[in-house]
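Here is the structure we will look at.
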Amino acid sequence: MEELGAQGDGLAPWAGQTLYIPATLPNERVRVKTGAKRSDGLGCTLLEVVQPAPERIPPICEYYAQCGGCALQHVDETFYAQWKRARVTEVLAKRGFADVAVLDPVLIKAGTRRRVTFTVQHRGKRLDLGFNARASHDIVAIERCPLLAPSLNTMIAPLGELMRHVLADGERARVVLTACDNGTDMVIEADKHPGLAAREAIAAFAGRGHAARVSWKEPDFPAEPVAQVHMPKIDLSGVSVDLPMGAFLQASIEGERAILAQILVGVGNAARIADLYCGVGSFTLALARQAIVRAIDSLETPVRALERAAGRTNLGGRVLAEVRDLDRQPLDPAELNKFDAIVFDPPRAGAAAQAAQIAQSDVPKVVAVSCNPATFARDARILVNGGYRLIDVLPVDQFTFSAHVELVARFEREIP
């Protein structure tokens, strides 16, 4: 092996091509079986590690060799942290930020994930529930996942029994679980509408205490509740918030806290803050304890949930919630200049349109949160070209053992 690629596979040259070999490390000698064409080379199956690297450790999961959910359980913590940091530094360097300080990553321990998406398929007497195998649509059926919060692991067995009654033979679905403060929120994503038998089975499942709410989501349609024992609630900075169906939530409480801590450093003592792409208010409610916050998102249900939560507390007059598509209608410089700081946390596609408007503003402090270093680097270049200085970047390892990395970046406007 020469290096680890962007997805965590080992890369090795062979016959003018690149071999992509999972669960390997640089400087290892391995035996592999070549497989399907992949990018500029071939995907491989690892058969044997002939000469292991000193950084290799035993994986913590019994399904690791087959499951595609994790890519990096076989590396020690020092190597892992360095590799995560390198993922960010390499992307930044391509945009001309080679000298920017990339801080040591915040590593999130296993057993803390509060969100998970399972793939489920009913095949005759068999029900497979788990994650896709490496580079495959096949399902690796699991009984537990060491990354998940305990309450989600206890859901696996009863969920499997439920899906036997919900899916007909040959049918496949995805099930999204979120561990909330008062139970589990569940969304079933399937290609057809649920029949009466499926609805009755779901109602009984929720009635037995397995879920606070179960919703159904078909392609091109919003989720609809099928059974609800009580409204799922989450705690955000000491405020209880109703979780809308299918709403985005940070993958772990620990990761959310790490991001928030760096945001608070970035905004300093700002008294007026814009929280853009705010969702249900993962950061809004904490910011509102020190500032008046204008919280904006394109989806109405999370914005209204945030508004109600703030209204039930003494933060009601400090959170100004608004529904607005910031990609199509970004805040312009005149609107932005009313704030002392801006926080923005866009989807993976980034916030190019909004970043262009921020770059023309006079706001002294900006904090960017991103789950995609590539689109972040693009947006950062827009801000810096507009007169901002990128102070530092903090990687946050929200998706432990995967190739993904989130980050928090602080900007300040250069003073002429």
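Before moving on, here are some points about what is shown:
- Eligible lysines near Lys125 by straight Cα distance, threshold 29 Å, same-chain separation 8 or greater: Lys192, Lys217
- Selection of trypsin sites (Lys or Arg not before Pro), the range 196-268, meeting DSSP coil and at most 16 other Cβ within 10 Å: Arg208
- Fully extending the segment from Arg199 to Asp40, taken as 0.36 nm per residue of separation minus the present Cα-Cα distance, adds 52.5 nm.
- Take the chain and mark each of the GluC sites (Glu not before Pro) that is in a DSSP loop with at most 16 other Cβ atoms within 10 Å; the longest unmarked stretch, sites excluded, is 172-413.
- Test item: Cα-centred dipole of the chain, Lys/Arg +1 and Asp/Glu -1 on Cβ, debye: 340 debye
- By the beta-carbon count within 10 Å of each Cβ, the least crowded to most crowded order of Val265, Val32, fewest first, is Val265, Val32.
- Matching the structure-derived Cα extents along the principal axes in Å against the labelled list [x] 62, 57, 32; [y] 74, 55, 39; [z] 73, 55, 32 gives the label [x].
- Across the range 333-416, the fraction of Cα-Cα pairs farther apart than 18 Å, rounded to a whole number, is 37%.
- Summarising the label geometry, the points placed 7 Å from Cα in the beta-carbon direction at Asn132 and Gln290 lie 4.1 nm from one another.
- On the basis of the beta-carbon distance and an R0 of 56 Å, Gln228 and Arg31 show a calculated FRET efficiency of 0.60.
- Placing R0 at 41 angstrom, the Cβ-Cβ distance between Ser298 and Arg123 gives a FRET efficiency of 0.60 after rounding to 0.05.
- Whole-Å distance, taken between Cα centres, linking the range 19-68 and the range 277-309: 44 Å
- Distance in nm between pseudo-label sites at Ala98 and Glu322 (7 Å out along the Cβ direction from Cα): 4.1 nm
- From helices alone, the chain scores -7000 deg cm²/dmol at 222 nm; the rule is -39500 (n - 2.57) for each run of n ≥ 4 DSSP H residues, then divide by the residue total.
- If R0 is 22 Å, the Cβ-Cβ spacing of Ala86 and Ile415 corresponds to a FRET efficiency of close to 0.10.
- Value of Rg/Rh across the range 1-55 [Cα atoms, Kirkwood radius]: 0.93
- Length added when fully stretched, Arg208-Asn314, from 0.36 nm per residue minus Cα-Cα: 34.6 nm
- For Lys94, the lysines whose Cα falls under 28 Å of its own Cα, not counting residues fewer than eight places away in the same chain, are Lys37, Lys84, Lys365.
- Selection among Ala270, Val239, Ser252 by position relative to the dipole of the range 211-312 gives Ala270 as farthest towards the positive end (Cβ unit charges, Cα centre).
Laboratory data are not the source of any read-out in this text; all were calculated from the coordinates shown. Keep in mind the model is a prediction, meaning the values are calculated, not measured. A quick note on method: Cβ atoms are made from the backbone with ideal geometry, for glycine too, and the neighbour counts reach across all protein chains shown.
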